[in-house]
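Chemist: The structure is given below, and queries will be raised subsequently.
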């Protein structure tokens, strides 16, 4: 047994607000008693946040639950809606679309992945789509929503969902949560970062008004500026733009038009793609593109032309670089959010990577001497998460069959990481999909994108190849009947929201 308890951290300073800063503050304040650890968050109202509206993945539910946040209260405060998946338009071929649903396709049988049985069924039923066997997809296409049933025997147990919401309102919601738990918010712009001349550790930050904020541990949540991790500590950036060539976004909200869809839409365009994120009272939109292949004016014209309703304000330009810091925890500074890395929001992973940065830190919560072994393990795990998400996003670009522009000709023919090449070839051969090292995206997610962009295996699993097709057809028919009946009984997405968590606010 250890002879004495280790010294504990007593002063934590979070530099920067927004989603990254206030998610960090909320999580730490929920875990650490205010009398033992002083948590300060420094932000300036003069510095804007990215805040273009957020689409999330189901893991956000776990984060809010960890904080004890009631779902309906959160949705009302952020104008939130439900999300059952992402619809991809024009990604495989022009004129085609597919849905990447949350939740499984069908049900695995005899320990073998469901999609193998569907592939066997497809041989004699070429018009079948695997989306027909996902409850989340069927409900999304019908514009319906219901809560999952915890009873595993119920077909509703297969529903999985995430949210769309106003990211700025989410940050304010978490600010209130964190301040109630003792987090001290300090208004001010950082003018100087003081470091120990021998170790390089950050000792304090100094503000425009001359005040100094000392700390033992600092979180850099300053966005693309990377005020601590880049400007002060000079941690190198690992650039992935050769695989993900988009570097600019134009973002704007528009008035809500028509139904509130329970899914995000991503539409591939000439030199990038456009998102559509519906919240309760407006729709968030953005056009992400490669500035070397499309001018800002052309990108804005394309964005505005494809809005569903009148624009609210003017498009806002956001420049970015895809990749991550070589080390996300350097000395006594942890980079969370955009300061640590950025992967374009094609699969709505921005908040997930923030969440992972926070949760891995809590799991490795260090003593005051900040052991190198703890930092090394944190960096290993976070870099692996970035790489896994990177591969999944690159897949969408690599798997295209489009050849109508220089952008798609580049992504279709580019070399990709060996880890992704292996996964594509393994699936192409006989539909094999594996999940590695607790990675984010499950087998059904990989299957949805691979099949959605026309990578169809040459053959099925040899074991499934011996199974009677008629028996498979009966099982599949039973599944679709149960799903259709369940969706028929669901309320519309809007009707569910109005009863459950309608904000009553305006855009």
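Chemist: What number of residues within region 29-57 satisfy the criterion of being under 23 Å from residue 206 (Cα atoms) and at pLDDT 95 or above?
Modeler: Counting residues in region 29-57 that are under 23 Å from residue 206 (Cα atoms) and at pLDDT 95 or above gives 7.
Chemist: Within region 249-262, how many residues are surrounded by 19 or more Cβ atoms within 10 Å (Cβ to Cβ) and out of contact with any helix residue (DSSP H, G or I) (no Cβ under 6 Å at 6 or more places or on another chain)?
Modeler: Result for region 249-262: 6.
Chemist: Also: Give me the strands (runs of 3 or more DSSP E) completely within region 307-384, filtered to those with at least 2 residues that are more than 27 Å from residue 100 (Cα to Cα) and at pLDDT 95 or above, ordered by residue number.
Modeler: Correct list: 311-319, 333-335.
Chemist: Among the residues of region 80-116, which ones are at pLDDT below 95 and in contact with a strand residue (DSSP E or B) (Cβ under 9 Å, 6 or more places away or on another chain)?
Modeler: Answer for region 80-116, where residues must be at pLDDT below 95 and in contact with a strand residue (DSSP E or B) (Cβ under 9 Å, 6 or more places away or on another chain): just 103.
Chemist: If residue 408 satisfies all but one of (1) within 19 Å of the chain's Cα centre (by Cα); (2) buried (at least 18 other Cβ atoms within 10 Å of the Cβ); (3) more than 22 Å from residue 238 (Cα to Cα), what's the number of the condition it fails?
Modeler: Answer for residue 408: the failing condition is (1).
Chemist: Then there is this: Only one residue in 20, 72, 77 is exposed (fewer than 15 other Cβ atoms within 10 Å of the Cβ), at pLDDT 95 or above and under 30 Å from residue 140 (Cβ atoms). Which one?
Modeler: From the options 20, 72, 77, the qualifying one is 72.
Chemist: Taking the condition of being within 19 Å of residue 87 (Cβ to Cβ), assigned to a loop (DSSP other than H, G, I, E, B) and over 20 Å from the mean Cα position of the chain (by Cα), how many residues in region 232-262 meet it?
Modeler: Residues flagged as within 19 Å of residue 87 (Cβ to Cβ), assigned to a loop (DSSP other than H, G, I, E, B) and over 20 Å from the mean Cα position of the chain (by Cα) within region 232-262 amount to 5.
Chemist: Continuing with this model, one more query. Does residue 440 satisfy the criteria of being touching a residue at least 24 places away in the same chain (Cβ under 8 Å), within 28 Å of residue 133 (Cβ to Cβ) and surrounded by 14 or more Cβ atoms within 10 Å (Cβ to Cβ)?
Modeler: In short, yes.
Chemist: Which number in (1) touching a residue at least 40 places away in the same chain (Cβ under 8 Å); (2) over 30 Å from residue 391 (Cβ atoms); (3) in contact with a strand residue (DSSP E or B) (Cβ under 6 Å, 6 or more places away or on another chain) marks the one condition that residue 249 misses?
Modeler: (2)
Chemist: From the list 303, 351, 328, 343, pick out the single residue that is out of contact with any helix residue (DSSP H, G or I) (no Cβ under 9 Å at 6 or more places or on another chain) and buried (at least 17 other Cβ atoms within 10 Å of the Cβ).
Modeler: 303
Chemist: Let me ask you something else. Output the residue which, of all residues in region 263-274 that are part of a strand (DSSP E or B) and in contact (Cβ under 8 Å) with a residue 60 or more places away in the chain, is nearest to residue 145 (Cα to Cα).
Modeler: By that ranking, first place goes to 264.
Chemist: Quickly run through region 209-219 and pick out the residues that are surrounded by fewer than 16 Cβ atoms within 10 Å (Cβ to Cβ) and assigned to a loop (DSSP other than H, G, I, E, B).
Modeler: 209, 210, 211
Chemist: OK, next. Taking only pairs six or more apart or across chains, which ones have beta-carbon atoms under 8 Å, a first residue in region 210-225 that is assigned by TED's automatic domain parsing to the domain that holds residue 366 and more than 15 Å from residue 357 (Cα to Cα), and a second residue that is surrounded by 22 or more Cβ atoms within 10 Å (Cβ to Cβ) and at pLDDT below 95?
Modeler: none
Chemist: Within region 187-203, how many residues are crowded, with 16+ Cβ neighbours inside 10 Å and either touching a residue at least 40 places away in the same chain (Cβ under 8 Å) or over 20 Å from residue 234 (Cα atoms) (or both)?
Modeler: Qualifying residue count, region 187-203: 4.
Chemist: Of all residues in region 359-394, which are touching a residue at least 60 places away in the same chain (Cβ under 8 Å) and touching a strand residue (DSSP E or B) at 6+ places or on another chain (Cβ under 9 Å)?
Modeler: 366, 368, 370, 386, 390
Chemist: State the number of residues belonging to region 256-270 that are at pLDDT 95 or above and over 22 Å from residue 412 (Cα atoms).
Modeler: Qualifying residue count, region 256-270: 5.
Chemist: Keeping to region 165-179, report how many residues are closer than 22 Å to residue 39 by Cβ and not in a helix (DSSP H, G or I).
Modeler: The qualifying residues number 0.
Chemist: From 277, 229, grab the single residue that is within 24 Å of the chain's Cα centre (by Cα), outside any loop (DSSP other than H, G, I, E, B) and closer than 30 Å to residue 192 by Cβ.
Modeler: Sole residue among the options that is within 24 Å of the chain's Cα centre (by Cα), outside any loop (DSSP other than H, G, I, E, B) and closer than 30 Å to residue 192 by Cβ: 229.
Chemist: Yes or no: residue 206 surrounded by 19 or more Cβ atoms within 10 Å (Cβ to Cβ) and over 29 Å from the mean Cα position of the chain (by Cα)?
Modeler: no
Chemist: Any residue that is over 30 Å from residue 89 (Cβ atoms) and within 15 Å of the chain's Cα centre (by Cα) - is there at least one of those in region 388-397?
Modeler: No, because not a single residue in region 388-397 is over 30 Å from residue 89 (Cβ atoms) and within 15 Å of the chain's Cα centre (by Cα).
Residue-wise test of (1) in a loop (DSSP other than H, G, I, E, B); (2) in contact with a strand residue (DSSP E or B) (Cβ under 8 Å, 6 or more places away or on another chain); (3) outside the structural domain of residue 361 (by TED's automatic domain parsing).
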{"residue": "396", "(1), (2), (3)": "no, yes, yes"}
{"residue": "424", "(1), (2), (3)": "no, no, yes"}
{"residue": "427", "(1), (2), (3)": "no, no, yes"}
{"residue": "441", "(1), (2), (3)": "yes, no, yes"}
{"residue": "455", "(1), (2), (3)": "yes, no, yes"}
{"residue": "459", "(1), (2), (3)": "yes, no, yes"}
{"residue": "465", "(1), (2), (3)": "no, no, yes"}
{"residue": "474", "(1), (2), (3)": "no, no, yes"}
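Chemist: Would you mind stating whether residue 385 is surrounded by fewer than 22 Cβ atoms within 10 Å (Cβ to Cβ) and within 28 Å of residue 55 (Cα to Cα)?
Modeler: no
The values are calculated or read from the model by the stated rules, or taken from the named source; none is laboratory data. Source: prediction; values computed, not measured. Note that each Cβ is placed from the backbone with ideal geometry, even for glycine, and that neighbours are counted across all protein chains shown.
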